[in-house]
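Everything on this sheet refers to the single structure shown next.
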Amino acid sequence: MGIVFNEDASFGVTPLAVVSTEVKSVGRPTNIIDKETKGKELLKWGENNDFPQQVIIDIRKNPELGTLLDKEANLLYSAGLEWGKYVDDGNGNEVFKRLAPDQNKKIREWCKRTNIDRYLLEASKDLYTFYNVFVEIVLSNDRKSIAQICTQAAEECRLAPQNNNGLIDTCYINANWPDAQPTDKLTKKLTVIDAYYDPATTLKEAKSGTNFIYMLNYANPGNKFYQLADWNSIRESGWLEVSSELPKLKKALLKNQTTIKHHIKISNRYWDMKYDGFEKKPAAERTKIKSDEIEKIQQLLTGSENAGKNFWSVFHSDLNMGKDNELIKIEAVDDKIKDGKFLEDGKDASIYTMSAVGLHPALVGTMPNNGLGGAGSNIREAYNLHILTNKSRQDLILEPLNNLVVPYNGWDPETVFRFKNQFMTTLDTGTETSSKAQTSTSNTSK
């Protein structure tokens, strides 16, 4: 019987390692063993081991969330990847320079073969969706170099329980969770590399195998093994469901709403007073009289050519009762759709969703007050601030390159991979974008 966790997938950060390749010469982080994991086959991701699958379902049902998460991933990707090293410019400042031609060519060819841009985008998507990225490291057949890095779909990965040292050493990959089992023939089993200390040495000392998992977690306090994305709060709060249900309510309203604009009320006495002997006329003639009269009123109330025209109706004065009785009365029918029913609810749900994901409304093209994207300065400042605060996530995505591939493949140890961040500038600079932040904002990313 598997481990039972809360539906919010509350788990926690535990160092991951290859058991047989621990570096004995150095101290290691303290690893606390969760006694509930003992004797289990795998660590369930959610109470029914289908938490990521349920997240994907909720994202697909929502008209905004998927697009917002995709925008986050694209903003992190920014202008793509570059590499080089930091050197002193002679004035005590670090300047990012390209590598020597031979090294630069070697790395460029490796990036092309491994299709590194695809890794960056897929890893960014999983990072923002789940806060968990399962990076597969593929060695060359002779195990002398890392031939490729790629991502395994996060929703298809599950971790084995901690071993006796408190470390996780195995990742199970199967497209059929929660029905799959670790022992199924379709389940792929890969060894997990320790991401907390010298992963290149750990990988070199591995006894066998060419495929490994290097797991990236965007740490969130209170979660073990599987991290929980901050935006998941809108799922738990109910606002995501509100946002998803509003289109259904609107559709039902449109489908069932009548298109009657006016309610015309005609007293039975009107016909007798206007047409002598009305009640004695043949039924067919009475019907035609009523139809013709109603058609005249209808023509007066509709059509752009009748806009602004006056409408007159008659009333009957009852001298005995001392009051006037209307013989024809026209009332406008309340148009619920025109009144913008649920419009404010939709705006609130959108703002909560953008806030949970971490996107300023200006970057999405909407503003709370007017529903538009706002002035160019709003978009520029929101974009630049977002890029400036993105470095921690960018560093995490690049960790397998900088901490594993560079040393394992024997490249210049000073080599650094980074994202080419571009910043929006003001019109007086003569260019729309720049690799440097505006002078009014401190650029903390190199």
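The values are calculated or read from the model by the stated rules, or taken from the named source; none is laboratory data. If you're wondering where the values come from, they're calculated on a predicted model, not measured in any experiment. Counting neighbours? That spans all protein chains shown, and the Cβs are built from the backbone with ideal geometry, glycine included.
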Original post:
Taking the stretch 52-78, which residues are in a loop (DSSP other than H, G, I, E, B) and within 25 Å of LEU249 (Cα to Cα)?
Top reply: ASN62, PRO63, GLU64
Original post:
Got a number for residues in the stretch 63-95 being of a type outside the set (D, E, K, R), exposed (fewer than 15 other Cβ atoms within 10 Å of the Cβ) and touching an Asp or Glu at 6+ places or on another chain (Cβ under 8 Å)?
Top reply: 4
Original post:
How many residues are buried (at least 17 other Cβ atoms within 10 Å of the Cβ) and touching a Lys or Arg at 6+ places or on another chain (Cβ under 8 Å) when one looks only at the stretch 148-164?
Top reply: 3
**OP:** Scan the stretch 360-410 for residues that are among the polar types (S, T, N, Q), assigned to a helix (DSSP H, G or I), modelled with pLDDT under 95 and more than 24 Å from ASP230 (Cβ to Cβ) and jot them down.
**Re:** SER377
Subject >> Top-ranked residue in the stretch 79-106 [being touching a helix residue (DSSP H, G or I) at 6+ places or on another chain (Cβ under 9 Å) and outside any loop (DSSP other than H, G, I, E, B); ranked as farthest from GLY358 (Cα to Cα)] >> reply: GLY84
**OP:** Using the structure shown, decide if LYS112 is in a helix (DSSP H, G or I), basic (Lys, Arg) and under 20 Å from the mean Cα position of the chain (by Cα).
**Re:** no
**OP:** Name the single residue, out of those in the stretch 27-51 being assigned to a loop (DSSP other than H, G, I, E, B) and of a type in the set (A, V, I, L, M, F, W, C), that is modelled with the highest pLDDT.
**Re:** TRP45
